[in-house]
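The values are calculated or read from the model by the stated rules, or taken from the named source; none is laboratory data. Everything numeric in this text was worked out from a predicted model, so none of it was measured. Please note: Cβ atoms are built from the backbone with ideal geometry, for glycine as well, and neighbour counts cover all protein chains shown. Only protein heavy atoms, including side chains, enter the accessible area calculation; ligands, DNA and RNA are left aside. Shrake-Rupley method; radii C 1.70, N 1.55, O 1.52, S 1.80 Å.
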Amino acid sequence: MTLADLYRDLHQHPELGFAETRTAAVAARELRAAGFETTEGVGGTGVVGVLRNGDGPTVLLRADMDALPVAERTGLPYASTAVVDRDGQAVPVAHVCGHDVHVTCLVGAVRELAAGRDTWQGTVVAVFQPAEEVGGGAQAMIDDGLFDRFGKPDVVLGQHVAPIPAGFLGLRAGPAFAASDTVRVTLYGEGGHGSRPEASVDPVVMAAATVLRLQTIVSREVAGGDTAVVTVGAIRSGTVANIIPDDAELLLSVRSYRPAVRARVLAAVERVVRAEAAASGATRAPEIVVLSSYPAVVNDAEAVARTRVGLAGVVTDQRVVDPGPVTGSEDVGVFATAAGVPLVYWLLGGADPGAFAHAATVEEVREVVGGLPANHSPLFAPVISPTLEVGVAALVAGARAWLSSMS
Ligand code: ZN
Ligand code: ZN
């Protein structure tokens with residue numbers, strides 16, 4: 001099967017985190033066909049392929065496999081129409097983060113590295129990871145003995161497709177993707193009749209005041225040279241107009257790069273929530289639960305320099321660009337941190353180069369990128385070519401920058 005066909009097939013069969021059974025079977029089939037020792041069911045639906053090819057460094061190449069609960073609206077002939085049942089509800093599913101691109105490119109790299117094994121020495125570990133979007137997929141594989149069973153790598157490499165022009169790669173030393181914390185806040189009031197606020201503690205007003213006060217954390221407590229984001233993405237309370245409800249729930253997404261900033265922002269969230277509850281006269285303390293956490297993705301500077309040479313050989317030096325820090329988050333860094341080895345994680349251009357025809361300067365390119373449907377948009381639609389070719393070549397060249405050369 002050509003890689004383009006494989007991509008369209010995966011795109012039409014998206015699966016949610018920890019339910020990637022079909023995708024995992026495709027990955028395993030391809031690994032076996034390329035001659036990799038293949039193990040399925042690592043950390044749930046994860047798949048690991050190992051190709052031992054003499055003495056030399058071990059390179060871990062990682063692709064995530066999961067899709068998102070989004071109805072695709074790209075109108076592409078191969079757009080997803082998938083719907084799954086989740087807790088009795090019909091949920092549309094689509095690869096709007098491009099993890100199908102990642103799987104396809106790693107399959108392509110596995111094929112190429114296996115076919116060219118007389119030109120390099122060392123070990124390639126191909127990791128197809130479940131559940132990046134919901135968090136916990138990388139950790140689940142580590143907890144299932146990834147490094148004990150398949151060996152510790154010398155470096156962890158991976159890529160994420162993004163709406164920068166296809167044919168370009170984005171690579172940045174240091175913090176590249178933000179740390180992310182998802183926090184659930186439950187505010188407790190005292191319900192009552194809508195006509196008698198004096199006999200109740202209104203959690204709706206408490207929630208509204210909390211949402212506004214949370215906005216001051218980034219503007220008043222984070223230094224101008226630092227970055228953080230606090231987004232209240234969901235607010236739920238009440239049912240009808242004439243009842244004051246008992247409680248209110250807020251769901252927060254917190255992003256940051258530096259551990260000190262992260263600690264300060266999370267502490268401020270807790271302080272503000274507790275203080276607003278107290279200010280409202282709540283008789284019961286609010287509940288604050290961190291639902292999931294991703295550490296920041298930090299690229300090792302020395303390892304970036306070494307890998308960059310390989311990537312520049314694929315797209316030219318001018319086309320390996322610094323995308324700046326991304327406020328999106330990723331759990332790929334968990335592999336490198338757990339193994340105690342460097343990480344190099346780059347952006348793979350997936351946007352139609354035609355969209356950039358009139359962008360002459362870097363500033364104009366940035367402007368076009370800002371206007372394109374980004375990852376998680378129902379309109380996110382990476383072009384198949386040259387995205388896949390570049391993605392495969394980048395993984396191979398990145399790995400070859402670390403493996404011993406025999407040619
Ligand atoms: Zn995503
Ligand atoms: Zn993603």
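Magnitude of the Cβ-charge dipole of the stretch 51-199, K/R +1 and D/E -1, about the Cα centre, nearest 20 debye?
In total the dipole reaches around 320 debye.
From the P(r) of the chain, could you give the percentage of C-alpha pairs in the tail past 36 Å?
30 percent
What does the charge add up to near ARG184, with Lys and Arg as +1, Asp and Glu as -1, over the other residues with Cβ less than 13 Å from its Cβ?
-4
If I take R0 = 41 Å and measure r between the Cβ atoms of ALA199 and ASP85 in this structure, what FRET efficiency does the formula 1/(1 + (r/R0)^6) give, to the nearest 0.05?
So, using R0 = 41 Å, E works out to roughly 0.40.
Measuring from the lowest to the highest alpha carbon on each principal axis, how far does the stretch 178-293 reach, largest first, in angstroms?
The Cα atoms of the stretch 178-293 stretch 48, 23, 21 Å along their principal axes.
Mind jotting down the distance between the C-alpha centroids of the stretch 280-305 and the stretch 168-199, whole Å?
11 Å
Let's see if you can work this out: charge +1 on each Lys and Arg Cβ, -1 on each Asp and Glu Cβ, no other charges. What is the dipole magnitude of the stretch 178-293 about its Cα centre, in debye to the nearest 20?
420 debye
Return the FRET efficiency for the residue pair ARG184, ALA275: r is the Cβ-Cβ distance, R0 is 22 Å, and the value is rounded to the nearest 0.05.
Given R0 = 22 Å and the Cβ-Cβ separation, E is 0.75.
Starting from the Cα of ASP317, step 7 Å along the direction of its Cβ; do the same at MET1; then give the gap between the two resulting points in nm.
Spacing of the two 7 Å Cα→Cβ label points: 4.0 nm.
Taking square-rooted eigenvalues a ≥ b ≥ c of the alpha carbon gyration tensor, is the stretch 279-358 rounded, prolate or oblate, where a/c under 1.5 means rounded and, failing that, a/b exceeding b/c means prolate?
It comes out oblate by the Cα gyration axes.
Among ALA351, SER195, LEU10, pick out the residue whose Cα is farthest towards the positive end of the charge dipole of the chain, where Lys and Arg carry +1 and Asp and Glu carry -1 on C-beta, about the Cα centre.
Farthest towards the positive pole: ALA351.
Gaussian network model of the chain, Cα springs within a sub-10 Å range: biggest mean-square fluctuation belongs to which of THR123, THR74, THR283?
In this elastic network of the chain, the residue with the biggest mean-square fluctuation among THR123, THR74, THR283 is THR283.
Along the charge dipole of the chain, which of LEU252, PRO373, ALA360 sits closest to the positive end, that is, farthest toward it, with unit charges on the beta carbon of Lys, Arg, Asp and Glu (+1, +1, -1, -1)?
ALA360
How much accessible area per residue does the stretch 178-293 have, counting only protein heavy atoms and a probe of 1.4 Å, in square angstrom?
Per residue, the stretch 178-293 has an accessible area of 52 Å².
Just how large is the dipole of the chain about the Cα centre, in debye to the nearest 20, putting +1 at every Lys and Arg Cβ and -1 at every Asp and Glu Cβ?
Using Cβ point charges on Lys, Arg, Asp and Glu, the chain gives about 500 debye.
Would you tally the net charge around VAL161, using a Cβ to Cβ cut-off of less than 12 Å, leaving VAL161 out, and scoring K and R as +1, D and E as -1?
Neighbour charge sum, excluding VAL161 itself: -2.
Quote the relative contact order of the chain in percent (integer), defining contacts as alpha-carbon pairs under 8 Å separated by 6+ residues.
With pairs under 8 Å counted, the relative contact order is 24 percent.
Which net charge results when you count Lys and Arg as +1 and Asp and Glu as -1 among the other residues whose beta-carbon is under 12 Å from that of ALA301?
+1
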